[in-house]
């Protein structure tokens with residue numbers, strides 16, 4: 001991404017055994033991620049981060065779209081993951 005910090009929405013709770021649990025909210029992959037996985041985390045842009053906490057569920061649903069592919073870049077680690085995946089399947 002253009003800057004190294006990005007924010008991913010999720011849910012956090014304590015279960016019945018008092019253990020902290022969390023989940024990340026995912027969406028369908030953008031073109032960049034399709035080669036790596038069939039899901040990707042939702043990444044909130046700067047203008048939607050704070051609104052996410054106050055907007056209605058319907059308004060937030062509209063924010064749960066894949067980030068634009070051109071905002072992402074591939075690192076060496078991603079190339080290694082692709083290589084491992086190709087050898088497994």
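For the peptides 47-60, 13-26, 30-43, the ranking by mean Cβ contacts within 10 Å, running from highest to lowest, is 30-43, 47-60, 13-26. The distance between label points at residue 61 and residue 31 comes to 2.8 nm (points 7 Å beyond Cα on the Cα→Cβ vector).
Throughout, read-outs are computed from the coordinates displayed, never taken from laboratory work. In this text, all values refer to a predicted model and were calculated from it rather than measured experimentally. Don't worry about glycine lacking a Cβ; one is built from the backbone with ideal geometry, like all the others, and counts go over all protein chains shown.
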